[in-house]
Structures are given as structure tokens and as C-alpha cells.
Amino acid sequence: MRVAVLGAGVIGKLRSGSVVDNSRTELVAVVDVDEGRARAATAGSSAKAFTDYRKAIAESSPDAVIVSSPVHFHEEMCLAAFQAGCHVLCEKPLSNSLESCRRIVAAAAAAGRTLAVGFNLRYFPSVKYLTDAIQKGMIGKVDHVRAYGGHDGLAGFRADWQYQGPLSGGGAMMDIGIHETDLVNHVAGDIVEVSGIVSGSIWNVEGSEDNAMAIMRTARDIPVIYQATWTEWKGFKNYIEVYGDLGMVRAQYAPMFNLLITHEKPGAKRKRVVKYYPEIMVREKFKGWQTTTRIAFDEELIDFLGMIDGRSVRLADGKAGALAIEVAQAVYRSTREHRTVTLPLP
């Protein structure tokens with residue numbers, strides 16, 4: 001599988017490394033406006049560096065494209081890839097508006113090509129533990145979900161576009177919160193009802209909320225309590241907690257952590273399992289968070305190839321990518337109109 005990577009920032013460089021190291025893929029092109037950065041991302045391969053993605057697709061003839069550019073370029077790059085007959089793995093969020101996402105999904109269908117979206121938290125060990133516990137019935141029938149994602153705001157961004165609403169599509173909910181939205185859809189069923197509110201009086205960036213809070217309901221009739229924030233002064237943190245009639249399970253990062261509490265019936269004696277990941281904590285302390293993300297990218301790439309082959313995989317598809325944006329926009333609409341917003345059933 002010949003692969004081109006569009007965007008060679010921190011994420012794009014990690015994606016390129018995954019392609020080089022996978023025995024089923026060949027990195028043939030890396031694109032970035034900074035040619036030196038694109039060239040650096042080709043390390044370990046015979047891939048060519050480009051500054052123009054259209055030229056890269058035309059000259060390198062990839063079978064698949066990984067889009068890891070700023071989000072406001074996602075649509076044009078995805079459409080160009082589909083027009084060239086390529087499969088696409090697009091970094092989250094799929095795009096910066098629901099209309100744009102729908103055009104991307106429609107283009108993939110029209111071309112008969114695979115569209116996947118890189119929600120890499122699905123591959124974190126703590127999230128795998130959580131999904132396994134639910135699927136094995138360890139917490140019984142799911143009753144409700146809590147989801148939270150946050151960091152301490154603008155100082156942590158690598159580029160201005162990441163927090164500028166007209167380019168990014170919104171604030172905390174389109175940034176870190178998009179992961180939690182996807183995890184809720186992934187473990188509890190697609191979100192179909194949203195009552196939310198956003199606030200933006202801390203950083204005061206027009207079109208970009210500091211906090212998004214919502215009560216949601218999924219197609220399985222599971223209620224969800226949700227928050228995405230840029231005012232988590234303790235630093236980067238996200239978690240999802242799933243509660244059932246036989247217990248609860250929590251997946252957290254950072255640090256990577258699980259808590260599982262089970263009982264035979266409500267009110268009975270409880271068993272408690274706490275799972276730490278010291279090998280990840282030590283590795284990240286000395287080599288950075290990128291090491292954990294790179295492992296997730298390696299697994300995503302394997303599943304991307306599996307999705308192309310028609311197998312059922314953990315990887316998010318285009319529908320999941322569009323739904324995450326639809327939920328975010330529903331929270332914004334709920335805030336403006338002071339009402340609950342109903343989404344179409346899947």
C-alpha cells in the first residue's frame with residue numbers, strides 16, 4: 001500500500017514513522033509548506049518531500065493518503081485524494097463544520113473509497129480495558145456515562161489556528177472534547193439528544209468556548225454527563241466513566257489509569273481493581289507523550305488497512321467523524337436557542 005502523508009508537523013511526523021515501520025505500507029510522499037520539515041519526516045524511506053499536496057498526489061500515485069494538516073485544509077485534501085482514487089485516514093476532527101464533513105463522507109462514498117478518522121484515544125490501553133469490561137458484562141447493564149476532557153488553555157497550543165474558531169470550528173469541544181464525544185459514541189451508542197451550554201469569559205477568544213458542558217442521550221437511551229474545558233489548571237486530563245447495575249469502570253489519561261468496581265447486585269460487597277501503567281509513565285517521563293501516541297498510530301494504521309480489506313475494526317469511520325462534529329454543533333445550537341437539540345437517529 002503506497003501512502004502519502006499530508007502535513008509534517010508533530011502528528012504528521014509520527015504518522016510518517018508508522019507508515020515506514022509497517023511491513024504492508026510504503027511511504028511515497030510527505031507534504032508540508034515547510035519543505036525541510038517534510039524532508040525530515042521522510043527519514044528511513046525513499047519518499048519524496050513536497051510543498052504542494054496536489055503535485056504530491058499526482059506524481060507519487062499513492063493508494064492511500066493520511067491527512068494530518070491543520071483542520072481547515074482537511075476537506076480540500078480529502079476531496080483531492082478521493083478524486084485520485086485514494087483511501088483516506090484523516091486526523092481528528094474530520095473537518096471544522098458539519099457541512100464540510102458531509103461533503104467529505106459523500107465524496108468517499110462516490111469514489112468507493114475508505115474514509116477513516118484518527119480518534120487515537122480508542123487505542124489507549126486504559127480505553128481498551130474499559131471497552132473490554134463493558135463487552136464482557138463486568139459492570140452489567142450500562143446505566144449512564146460521565147466524560148471529561150481538559151487542559152489549561154491557549155499556552156499549550158503549538159499554532160494559532162488550533163484555537164481560532166473560524167479555522168478550528170470552535171473551542172474546547174472541537175479540541176480536546178472531540179475525543180470524549182467520540183468515546184461516548186464508541187462505548188455507549190450514537191448521541192441523539194443534546195442539551196448544552198458553553199462559556200468563554202476566561203480566554204475571550206471569539207468563536208472559541210473555554211468550556212462546553214452538556215447532558216446527552218444516546219440511541220441506546222443512555223444518559224451522558226459531558227464537559228470539555230480549557231480551564232483545567234491542573235493540566236492535561238481526560239477520562240470516561242461508565243456506570244452499570246453491577247459496577248463501574250473508568251479510563252483515564254494522563255496518567256494512564258483504570259478503576260473497576262464490581263458487585264453481585266446493588267448494595268452488595270464491592271470488589272475494587274486499580275490498574276496503573278508504570279511502564280507508560282516512565283517512558284513518557286523520559287521520551288514524551290509522543291511515544292504513546294505513536295503506538296496508537298501504529299495500531300490505527302493496521303486497522304486502516306483492515307478497514308480497507310473490509311474487516312470490522314476499532315478504528316473510527318467517516319460517519320463517526322461527522323457525528324462528533326454534529327454533536328459539537330448541537331451543543332452550540334442548544335446554547336444559542338436555550339433548548340434541547342435532537343439529532344437524527346443513526
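The values are calculated or read from the model by the stated rules, or taken from the named source; none is laboratory data. Because the structure is a prediction, the values reported are computed rather than measured. In this analysis, Cβ positions are derived from the backbone assuming ideal geometry, glycine residues included, and neighbour counts consider all displayed protein chains. Accessible surface areas use protein heavy atoms only, side chains included; no ligands, DNA or RNA. Shrake-Rupley method; radii C 1.70, N 1.55, O 1.52, S 1.80 Å.
Just a few scattered comments:
- Applying a threshold of 7 Å to beta carbon distances and a minimum spacing of six or more residues, or different chains, the list of pairs starting in the range 97-108 at a residue that is of a type in the set (S, T, N, Q) and ending at one that is open to solvent by 10 Å² or more (accessible area, probe 1.4 Å) and assigned to a helix (DSSP H, G or I) reads SER100/GLU75.
- Taking residues in the range 109-129 that are under 12 Å from LEU301 (Cα atoms), and partners anywhere that are in a helix (DSSP H, G or I) and among the aromatic types (Phe, Trp, Tyr), the pairs with Cβ atoms closer than 8 Å and at least 6 places apart or on different chains are ALA116/PHE304; GLY118/PHE297; ASN120/PHE297.
- Test for VAL5: is it under 25 Å from SER97 (Cβ atoms) and not small (Gly, Ala, Ser): yes
Residues checked against (1) within 30 Å of GLY288 (Cα to Cα); (2) of a type in the set (Gly, Ala, Ser):
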residue: GLY235; (1), (2): yes, yes
residue: TYR243; (1), (2): no, no
residue: MET248; (1), (2): no, no
residue: PHE257; (1), (2): yes, no
residue: GLU264; (1), (2): no, no
residue: ARG270; (1), (2): no, no
residue: VAL274; (1), (2): yes, no
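- Top-ranked residue of the range 15-28 - restricted to ones that are within 24 Å of the chain's Cα centre (by Cα) and of a type in the set (A, V, I, L, M, F, W, C), ranked as nearest to ILE302 (Cα to Cα): VAL19
- Identity of the residue in the range 33-63, open to solvent by less than 70 Å² (accessible area, probe 1.4 Å) and assigned to a helix (DSSP H, G or I), that ends up farthest from VAL5 (Cα to Cα): GLY36
- Checking GLU232, GLU193 one by one, the residue that is charged (D, E, K, R), surrounded by fewer than 24 Cβ atoms within 10 Å (Cβ to Cβ) and part of a loop (DSSP other than H, G, I, E, B) is GLU232 and no other.
- From the options ASP132, ASP143, residue that is closer than 26 Å to HIS263 by Cα, at pLDDT 95 or above and assigned to a helix (DSSP H, G or I): ASP132
Rundown of residues vs (1) among the charged types (D, E, K, R); (2) within 15 Å of MET216 (Cβ to Cβ); (3) under 15 Å from the mean Cα position of the chain (by Cα), yes/no style:
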{"position": "ARG270", "(1), (2), (3)": "yes, no, no"}
{"position": "VAL274", "(1), (2), (3)": "no, no, no"}
{"position": "THR293", "(1), (2), (3)": "no, no, yes"}
{"position": "GLY310", "(1), (2), (3)": "no, no, no"}
{"position": "ALA322", "(1), (2), (3)": "no, no, yes"}
{"position": "SER334", "(1), (2), (3)": "no, yes, no"}
{"position": "GLU337", "(1), (2), (3)": "yes, no, no"}
{"position": "THR340", "(1), (2), (3)": "no, yes, no"}
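- Single residue of LEU260, LEU305 found to be part of a helix (DSSP H, G or I) and either over 15 Å from the mean Cα position of the chain (by Cα) or buried (at least 20 other Cβ atoms within 10 Å of the Cβ) (or both): LEU305
A quick yes/no check of all residues on (1) farther than 12 Å from GLN252 by Cα; (2) surrounded by 15 or more Cβ atoms within 10 Å (Cβ to Cβ):
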residue	(1), (2)
PHE119	yes, yes
LYS128	no, yes
ASP132	yes, no
MET138	yes, yes
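- Test: TYR123 is surrounded by 19 or more Cβ atoms within 10 Å (Cβ to Cβ) and touching an Asp or Glu at 6+ places or on another chain (Cβ under 8 Å): yes
- GLY189 among the small types (Gly, Ala, Ser) and more than 29 Å from ILE134 (Cβ to Cβ): no
- For the residues ALA322, ALA328, ALA316, ALA296, the requirement of being open to solvent by 10 Å² or more (accessible area, probe 1.4 Å), under 19 Å from LEU121 (Cα atoms), at pLDDT 95 or above and small (Gly, Ala, Ser) singles out ALA322.
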